[in-house]
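Notes to accompany the following structure.
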Amino acid sequence: AGERGSASAGWSGSASAGRSGSASAGRSGSASAGDGGSASAGERGSASAGDYGVSASRGSSSAGENGVAAARGEHAKVRGGIGSVLVVCVEKKDSYDIAEWKAAVVDGERIRPDTWYTVENGEFREAD
C-alpha cells in the first residue's frame with residue numbers, strides 16, 4: 001500500500017505500507033511500515049516500522065528513531081533507533097503466560113541503537 005495506505009496479509013504472508021501507513025501480517029508473516037507507520041505480525045512473525053513508527057509482533061520487532069518496538073513470545077526480540085522505546089515480554093515455555101518482561105529507551109550507551117535485544121533474568125541482553 002502507498003503513503004497512508006493499509007496492507008494486510010494472511011498466514012505466512014508479507015504486508016508493506018508506505019509513510020504513515022499500516023501493515024499487518026498473520027502467523028509467521030512479515031509486516032513493514034514506513035516513517036510514522038504501524039506494523040504488526042502474528043506468532044513467529046516479524047514487524048518493522050520506520051522513524052516515529054510502532055511495531056509489534058509475537059516474534060521480533062524493530063523501529064527507527066523515536067519509535068516503539070514491542071515483541072512477545074518464547075524467543076521475543078526487539079531493536080530500535082536512538083530514542084526508541086523497546087518492550088520485550090518473554091513467555092513461559094509451557095504456556096502463554098509471561099515469565100519476564102522489560103522496557104527501556106535506546107540511549108546509545110546502556111541500550112545501543114540497531115542492536116537486537118531479548119530479556120534474560122530480568123535484564124536486557126543482546127540477542128542472536
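Mind listing whichever residues of segment 77-96 are in a loop (DSSP other than H, G, I, E, B) and at pLDDT 95 or above? Correct list: Gly81, Ile82, Gly83, Ser84. Given the criteria of a type in the set (A, V, I, L, M, F, W, C), under 20 Å from Ala39 (Cα atoms) and modelled with pLDDT under 95, does Ala103 qualify? Here the answer is no, as Ala103 does not meet what is asked.
Mind checking which residues of segment 65-75 are surrounded by fewer than 24 Cβ atoms within 10 Å (Cβ to Cβ) and more than 14 Å from Arg112 (Cβ to Cβ)?
As a first pass, look at segment 65-75 and keep what is surrounded by fewer than 24 Cβ atoms within 10 Å (Cβ to Cβ): 65-66, 68, 70, 72-75.
Listed by number, the residues that qualify are Asn66, Val68, Ala70, Arg72, Gly73, Glu74, His75.
Being basic (Lys, Arg) and either part of a loop (DSSP other than H, G, I, E, B) or at pLDDT 90 or above (or both) is a property that does not hold for Arg58.
When only residues in segment 29-41 that are assigned to a strand (DSSP E or B) and open to solvent by 20 Å² or more (accessible area, probe 1.4 Å) count, which is nearest to Cys89 (Cα to Cα)? Full working, then the answer.
From segment 29-41, those assigned to a strand (DSSP E or B) are 30-33, 38-41; that's our starting set.
Checking which are open to solvent by 20 Å² or more (accessible area, probe 1.4 Å) leaves us with 30, 32, 38, 40.
Working: Ser30: 19, Ser32: 21, Ser38: 19, Ser40: 15 Å.
The selected residue is Ser40.
The values are calculated or read from the model by the stated rules, or taken from the named source; none is laboratory data. Because the structure is a prediction, the values reported are computed rather than measured. Cβ: placed from backbone, ideal geometry, glycine included. Neighbour counts: every protein chain shown. All accessible areas refer to the heavy atoms of the entire protein, side chains included, with ligands and DNA or RNA removed. Shrake-Rupley method; radii C 1.70, N 1.55, O 1.52, S 1.80 Å.
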